[in-house]
1. Phe79: under 26 Å from Leu6 (Cα atoms), of a type in the set (A, V, I, L, M, F, W, C), at pLDDT 95 or above and surrounded by 13 or more Cβ atoms within 10 Å (Cβ to Cβ), yes or no?
2. Go through (1) within 13 Å of the chain's Cα centre (by Cα); (2) at pLDDT 95 or above; (3) small (Gly, Ala, Ser) and name the single condition Ala33 misses.
3. Filter the stretch 106-121 down to residues that are among the aliphatic types (A, V, I, L, M) and within 18 Å of the chain's Cα centre (by Cα) and give me whichever is nearest to Leu22 (Cα to Cα).
4. Under 7 Å between Cβ atoms, which residue pairs at least 6 apart in sequence (or on different chains) link something in the stretch 6-33 that is under 18 Å from Ile110 (Cα atoms) and touching a residue at least 40 places away in the same chain (Cβ under 8 Å) with a partner that is of a type in the set (S, T, N, Q) and outside any helix (DSSP H, G or I)?
5. If the requirement is being farther than 19 Å from Ala102 by Cβ and β-branched (Val, Ile, Thr), which of these qualifies: Val66, Val47, Val42, Val38?
6. Can you tell me how many residues in the stretch 84-98 are surrounded by 11 or more Cβ atoms within 10 Å (Cβ to Cβ), closer than 20 Å to Val17 by Cβ and out of contact with any helix residue (DSSP H, G or I) (no Cβ under 8 Å at 6 or more places or on another chain)?
7. Checking the condition closer than 16 Å to Ile80 by Cβ, out of contact with any Leu (no Cβ under 6 Å at 6 or more places or on another chain) and surrounded by fewer than 17 Cβ atoms within 10 Å (Cβ to Cβ), which residue from Trp12, Trp27, Trp5 passes?
8. For the subset of the stretch 85-105 comprising residues that are under 13 Å from the mean Cα position of the chain (by Cα) and among the aliphatic types (A, V, I, L, M), which member is nearest to Ile36 (Cα to Cα)?
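The values are calculated or read from the model by the stated rules, or taken from the named source; none is laboratory data. Predicted model, so just to flag it, every value in this text is computed and none were measured. Neighbour counts are summed over all protein chains in view; Cβ atoms, including those assigned to glycine, are modelled from backbone coordinates with ideal geometry.
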Amino acid sequence: MYYTWLNIFFWWLHMVVIGFNLTGWIWNSTRRAHLIVVSLTVFSWLVLGFWYGFGYCFLTDWHWEVKRALGQQNLPNSFITYLINYQLGGTISMEVIDIGTAITFIAIVIISCYRNRDLVK
């Protein structure tokens, strides 16, 4: 039961983080928080990724530990791949999803840096 609740918690946390990464730059009141969350994502993907594999997400790692405790196997490396192909029934290759995720995220990082340009003044 504990792992079931943790699985639900991590699913929703993933959705909130992804949603905030996609939209948090829009509002002035959330743009600094957005820059922090985006920076943490970059840190995880690149800095931690240097040791664990580029694109590494500590949140996905924790979530997959819970899923494995629930008996789930053959989980993809990416939560977004899991969401699209396993939960929404898609058949998109992992490579295409990873490229789309990277392109979208690079655009969001650029937008977030632009929206927070007053921090460097």
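1. Values: under 26 Å from Leu6 (Cα atoms): yes; of a type in the set (A, V, I, L, M, F, W, C): yes; at pLDDT 95 or above: yes; surrounded by 13 or more Cβ atoms within 10 Å (Cβ to Cβ): yes.
Here the answer is yes, as Phe79 does meet what is asked.
2. Condition not satisfied by Ala33: (1).
3. Taking the stretch 106-121 and keeping what is among the aliphatic types (A, V, I, L, M), we get 106-111, 119-120.
Right, trim to within 18 Å of the chain's Cα centre (by Cα) and you get 106-111.
Details: Ile106: 11, Ala107: 10, Ile108: 7, Val109: 10, Ile110: 12, Ile111: 10 Å.
So the residue we want is Ile108.
4. Within 7 Å, the pairs are Arg31/Asn116; Arg32/Asn116.
5. Details: Val47 fails: farther than 19 Å from Ala102 by Cβ; Val42 fails: farther than 19 Å from Ala102 by Cβ; Val38 fails: farther than 19 Å from Ala102 by Cβ.
From the options Val66, Val47, Val42, Val38, the qualifying one is Val66.
6. 1
7. Details: Trp27 fails: closer than 16 Å to Ile80 by Cβ; Trp5 fails: closer than 16 Å to Ile80 by Cβ.
The unique qualifying residue is Trp12.
8. Ala102
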